[in-house]
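See structure below.
Coordinate-derived values only; no laboratory data. On a predicted model such as this, the values are computed, not experimentally measured, just so you know. Methodologically, a virtual Cβ is constructed for each residue, glycine included, from the backbone with ideal geometry; neighbour enumeration extends over all protein chains shown.
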Amino acid sequence: MAWFLLAEDSLLWGCLNATMTVWSALTILFVIVSTVPGEVSGVSTFYLRTLLKIFEVSLIESMLPITTEGIIDKEPIVSMQQEIQKIRGPVCDSASDSEFELADLIFFCRRGVESIVDDEVTKCFSAQELDGWNLMTRSNKNDCHVTRPVAVLWALGILVRYGVLLPARMLIAAAGISLFLVSATFVSFLPNTRIKSYLSEKVQWLGCRLCATSLTAVITYHNRENKPKNDGICVANHTTPMDVIFLSNDGSCSMVGQLHGGLFGMIQRAMLKCSAHIWFERTEAEERHLVVKRLKDHVADKTKPPPVIFPEGTCINNTSVMMFRKGTFEVGCPVYPVAIKYDPRFGEAFWNSSRFGLVVYLLTMMSSWAIVCSIWYLPPMSKEDGEDAVQFANRVKAAIAVRGGLADVIWDGQLKRANVKKTYKEEQQKLYSKLLLGDWDSSP
């Protein structure tokens, strides 16, 4: 009996050691493959194609229909004048058009209900829904029927994502952040020469590359001949704090954004030591004018890389582009638009800062299958004659939306944190007052 127990213990320990050996080998292999310099498009393509085949199998097994939830066929936009005339009916004459009628309330009630049912703003801050299931619990919002084969694939996926991918990615991220902090500190003590500029650019590139590797980021860059130059400003839509990392992975650039605390703030201060970046406090209104001035001085210095700005001011769920703030477009230099589009089938890149903290968000990204995105460099754009900053911003936003296949939304992204401005309400009141005064032609 004692010999039997001893053999059973030996067998158990042998299986455990073999399991740990296989796990360590897979983790080390992933780290080595991920950090190989140069393009590994062959490995990445094979990995993504394999995942898509597995997703197709799970979709067939679960018999999950393609969802159309959230997609509403909208009627053509008509003016307030046409809507109210339709409600009042053909009986109304020109005299009664300029008088208030109780039936006019139907127009405002219907518009209010439509805004609640199909809220364009709220939809921009919720995770994008998938047509199928990518075997991650957090994306199974449709509560699809999970069959036994799909459950097996889901369990294996958990083992791979949390047992192999997450530890390896955390190891790469820890090594990358440590190496970047040490290298940036070392470069900061060098005199301001060409050698320091060269080393600063390489240190920033290395840090961004390791950060992208820690997320298994598969990035495709298009139209590189339109890459931003140091005579203008790079402007892009905003989905995740990693946007600027993925852009910097393809070339040196200066970052413009909000100053944070904690580990992220430590990294920002280290970046400021080795390269020219612009950090500011979003809550300080007076500093916004200072940011514009610093941008002008930055662009005027041809030795500094082009700054990257996200005029939306907050992260959007990569289905839409919201209002661009005009400050960036008042600098008076060429603007290099960049469209960024993520593939949500392999992992959700959108950061809902109102719901998740930065650490939880990064762990969510690291436990995804991969972060796949496409980046398009658009030709530079300049302000036209007679065009103000708002019109210029809208024109750039429209170009980014078309290239990235995103919806062009007029609303301000800060509505996620603030109430609707009084100017929006007053604009509708002015339109209705024009109708009551008989000024039909001047109302849109």
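Quick notes on this one:
- The modelled label-to-label distance for the pair Arg194/Ile410, using points 7 Å beyond Cα in the direction of Cβ, is 5.3 nm.
- Distance between the 7 Å Cα→Cβ label points at Lys123 and Ala175: 4.4 nm.
- Pairs from Lys196/Lys293; Lys86/Lys341; Lys229/Lys397; Lys196/Lys227; Lys202/Lys326; Lys341/Lys434 whose Cα-Cα separation, in the structure shown, is over 30 Å: Lys86/Lys341; Lys202/Lys326; Lys341/Lys434
- Under 5 Å, built H, 5+ apart or other chain: amide partners of Ser320: Ala407
- Gap separating the Cα centres of the range 165-236 and the range 383-402, nearest whole Å: 30
- Gln429/Lys86 FRET efficiency (R0 30 Å; Cβ-Cβ; nearest 0.05): 0.90
- Added length on full extension, which subtracts the Cα-Cα distance from 0.36 nm per residue, Arg294 to Ala398: 34.8 nm
- Set of the range 346-380 residues, backbone N closer than 15 Å to the point 7 Å along the Cα-Cβ line of His222: 373-379
- Neighbourhood net charge (13 Å Cβ-Cβ; Lys/Arg +1, Asp/Glu -1) for Ile340: -2
- Computed Kirkwood radius, in angstrom, where 1/r is averaged over Cα pairs of the range 217-418: 17.3
- Cα-based equivalent ellipsoid, the range 307-397: semi-axes from gyration tensor eigenvalues, Å: 30, 14, 10
- Shown here for the range 183-219: chymotrypsin sites (Phe, Trp or Tyr not before Pro) in loop regions (DSSP other than H, G, I, E, B) with at most 16 other Cβ atoms within 10 Å, namely Phe189.
- Gain upon complete extension [Val390, Phe108; 0.36 nm per residue less C-alpha separation]: 98.7 nm
- Where trypsin sites (Lys or Arg not before Pro) fall in DSSP loop in the range 304-389, at most 15 other Cβ within 10 Å: Arg355
- A cut-off under 12 angstrom between Cβ atoms defines the neighbours of Lys383, and their net charge, with Lys, Arg +1 and Asp, Glu -1, is -3.
- By average C-beta atoms within 10 angstrom, highest first, the peptides 398-407, 222-231: 398-407, 222-231
- Gained length - Leu52 relative to Lys229, 0.36 nm times residue gap less alpha-carbon distance: 60.0 nm
- Gyration tensor verdict on the range 167-226 (Cα atoms; rounded if a/c is under 1.5, prolate if a/b is larger than b/c, oblate otherwise): oblate
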